[in-house]
Amino acid sequence: MANPEQRQAIEELVYRSCLALDDRDFKGFLALCEEDFHYSITTYSPEIRKDMVWLDHDRKGLDTLLTNLPRHNSDHSPITRHATVYTVDVGDGTATVVSALQVFRTQLDGGASELFAVGRFHDTVKLNGAGLKLAKRVVKLDTRLLGYGYHIPF
Amino acid sequence: MSKNAEQWQARPNFPSTHYVDARIYSDQQIFEEEKEKLFRPAWIIACHESEISAAFDYRLFTHPAGVPLIAVRGDDNKVRAFYNICPHRGNTLLYDPAGNAKRVTCIFHQWSFDTRGACTDISRAEQGYQDRFCKEDASLREVRCEVGFGGFVWVNITDDAPPLAEFLGGAMDILAPFLEEPLEVFHFHKAHVCTNFKLWHDTNSEFYHDYLHYFNRITGMMQPGYFERKYTGFPNGHATVGSMQIKYDKYEGSKERAVGWPGLAPGGWFMVDVFPGMTYNLRTSVLRMDTAIPLGPNEALIEFRGLGLKRDTPEERAERIFDHNMIWGPFGRNLHEDLLAVHGQGRGLRTGTDARWILQGREENSTIHDEIGMRHYYAEWARRMGRAPFDPFREGKSEPVRAVA
């Protein structure tokens, strides 16, 4: 069980990670991550009855991906990540954090917002005193129908 | 110099085989005819055999003509396909997209069926029907089903259609050497896009749009051999694209594909476009299968599958998934770009936009930027639809419908 100060710091880390990605501040996002950070997006397909991995990168791979993205064509509509931290379980030097995630997409023309995806963050946070950082993030998506898609990780 | 309205409406200065009327992508009547004349007689991929590997495994599939189907592996290991419609009151029989069911029981009145399509039980049959109606009168509607060409489960809802091999002709010969081992699906997702299904197949039928993809420009277009890739047309509207050697290591963050594919040269890439809306796409370590399902003149659902070898070790499978995700996953580089482009076409070609002609006029000796792949498709479209794609409403110059590209 996290103490109130730990919990507040962990929640703020999760929320800052959302804000950085929402702002496409990729360097700012990676600054919140450990050197051995690992990021993946997974989901379960009831159609083929299998767990699937849709994205899987270590920190270097994620850094390269985020550097490459501006060279590609993509949808320029901004997305907004809304996370709510549900549980924080503190272990030996790390905390396991589960957050609900909703992602909204806002159309550039007219500004209509629509729900894009729902799922959960399963984060591992390394507890380094005041300098909490993300060691691992698994985005478990419930939504599998993403229209014409998106390039930037959730 | 820009065009005025008259110039915009004027037919392109191409042979009539080299452009189509934009309204074939938005007209409701044409869309309804396509379901009947293109999809209903065609063999369509419903799923892969690995999705129903055990006895009684089933998989649901909505046929592009609109018919809900169940593909199921029977107790005799044979794969059959039936309408997912109860012959009693028309209720849906199976609801979950996949599962295992020794007995298919309708939730409405508990009529039961086995995996060979026979009705095994009618609740209180004698009391209600006496001797006027019995189990033998209540079988499921079975449709033709064949498993092949990479272990895919093909269905055909027209009883007297030619066999699958005859439908495909020689189009699959180019891939046959690479489909000898059992395969397994590791990826499935759908994309719902406001566009016409033909526009997705068009994208899979021409590579001039490699300009859309930074990844393909770097690893393909700028590499030796790219402009020698050739299209070959086959009867019934199918087409193939020959291979080249993709230089994956030219894209930062990518790497030489270590796993590869049995018999395929490193960096190899073959494609087979199957009329009217499916594509085999084999690139080095992954086979991708697209199945386009039309939902409306400007609405399509596209099913994407990624397959590896059934014998893969966990490490090999992880490599294939990584390769797949880099370009073809929902967050991959190329798939999003392709979907974004056909979404844009859907916006540009929908009813009321005054889009007029779609050009398919590039001729480069059937090589990679030639648009013969699309022309070949629309020659078959014309033959089956009885309409000329360049003049679908017979408003222009009177020309016979052409059956060849």
| Please state the relative contact order of chain B as a whole percent: Cα pairs under 8 Å, 6+ residues apart? | 20
| query | For the pair A:Gln102 and B:Asp131, what calculated FRET efficiency results from E = 1/(1 + (r/R0)^6), where r is the Cβ-Cβ distance and R0 = 51 Å, to the nearest 0.05? | reply | 0.30
| remark: Taking only C-alpha positions in segment B:301-346, Rg and Dmax in angstrom work out to 13.1, 42
| note | The pairs in A:Lys136/B:Lys190; B:Lys35/B:Lys198; B:Lys35/B:Lys102; B:Lys78/B:Lys310; B:Lys250/B:Lys310 lying past 21 Å Cα-Cα in this model are A:Lys136/B:Lys190; B:Lys35/B:Lys102; B:Lys250/B:Lys310
| query | Using modelled amide H (1.01 Å from N, peptide plane; none on Pro or chain starts), what sits under 5 Å from the amide H of A:Thr94, excluding residues fewer than 5 places away? | reply | A:Leu127
| message | Pairing rule first: another cysteine's C-beta must sit under 4.7 Å. Under that rule, which cysteines of chain B stay single? | response | B:Cys47, B:Cys119, B:Cys134, B:Cys145, B:Cys194
| task | Can you tell me the dipole magnitude for segment A:39-79 around its Cα centre, using point charges on the Cβ only (Lys, Arg +1; Asp, Glu -1), in Debye to the nearest 20? | result | 80
| remark: Dipole check, segment B:129-182, charges on Cβ (K,R +1; D,E -1), about Cα centroid: among B:Ala161, B:Pro182, B:Gly148 the Cα furthest to the positive pole belongs to B:Ala161
| request: Please work out the C-alpha center-to-center distance from segment A:19-58 to segment B:91-149 and express it in whole Å. | output: 44
| remark: Listed by chain and number, the residues whose amide H is under 5 Å from that of A:Glu34, excluding neighbours fewer than 5 places away on the same chain and using placed H, are A:Leu134, A:Ala135
| field | DSSP-loop trypsin sites (Lys or Arg not before Pro) across segment B:1-110, with at most 12 other Cβ within 10 angstrom | value | B:Lys3, B:Arg89, B:Lys102, B:Arg103
| request: May I ask you to derive the relative contact order of segment B:217-357, considering only C-alpha pairs under 8 Å and at least 6 residues apart, and to give it as an integer percent? | output: 13
| Centre separation in Å (Cα based) which lies between segment B:9-70 and segment B:244-310 | 20
| task | Give me A:Asp123, B:Asp114, B:Asp173, B:Asp76 ranked fewest to most by other Cβ atoms within 10 Å of their Cβ, as a rough exposure proxy. | result | B:Asp76, B:Asp173, B:Asp114, A:Asp123
| note | antiparallel share of DSSP beta bridges within the protein assembly as shown, to nearest 5, in %, is 95
| message | Can you tell me how chain B classifies by the Cα gyration tensor, rounded, prolate or oblate, using a/c under 1.5 as the rounded cut? | response | oblate
| note | segment A:45-109: relative contact order from alpha carbon pairs under 8 Å, six or more residues apart, as a whole percent, is 28
| said: Based only on Cα atoms, what mean projected area does the convex hull of segment A:1-89 have, in nm²? | reply: 7.9
| query | What nm value, rounded to one decimal, do you get for the distance between B:Asp354 and A:Ser77 when each label is placed 7 Å out toward the C-beta? | reply | 2.7
| Relative to the first principal axis of the alpha-carbon coordinates of chain A, what is the inclination of helix A:4-22, with its axis defined by its Cα atoms, in degrees from 0 to 90 and to the nearest 10? | 20
| said: Given R₀ = 30 Å, what would the calculated FRET efficiency be for B:Glu363 paired with B:Ala265, taking r from the Cβ atoms and rounding to 0.05? | reply: 0.60
| Which lysines have a Cα lying under 28 Å from the Cα of A:Lys133, excluding residues fewer than 8 positions away in the same chain? | A:Lys27, A:Lys60
| task | Decide, for the protein assembly as shown, between rounded, prolate and oblate: order the square roots of the alpha carbon gyration tensor eigenvalues as a ≥ b ≥ c, take rounded if a/c falls under 1.5, and otherwise choose prolate if a/b is larger than b/c, else oblate. | result | oblate
| Average projection area in nm² (convex hull over Cα atoms of chain A, one quarter of hull surface) | 9.8
| request: Neighbouring Cβ atoms within 10 Å as the yardstick, rank B:Arg311, B:Arg383 fewest first. | output: B:Arg311, B:Arg383
| task | Using a cut-off of 14 Å between beta-carbons, work out the net charge of the residues near A:Glu34 (Lys and Arg +1, Asp and Glu -1, A:Glu34 not included). | result | +1
| said: Against the empirical 2.2 N^0.38 Å scaling, what ratio does the C-alpha Rg of segment B:187-266 come to? | reply: 1.29
| Vicinal HN-Hα couplings computed from phi for segment B:106-118 (Karplus, 6.51 cos²θ - 1.76 cosθ + 1.60; Hz; Gly/Pro x) | 5, 5, 6, 10, 6, 6, 10, 9, 8, 7, 9, x, 7
| task | List the residues whose amide H sits under 5 Å from the amide H of B:His48, counting only those 5 or more places along or on another chain, with H placed 1.01 Å from N in the peptide plane. | result | B:Val153
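Every number here is computed from the coordinates shown, using simple stated rules; none is lab data. What you see is a predicted model; the values in this text were computed from it and never measured. Note that we place each Cβ from the backbone using ideal geometry, even for glycine, and neighbour counts take in every protein chain shown.
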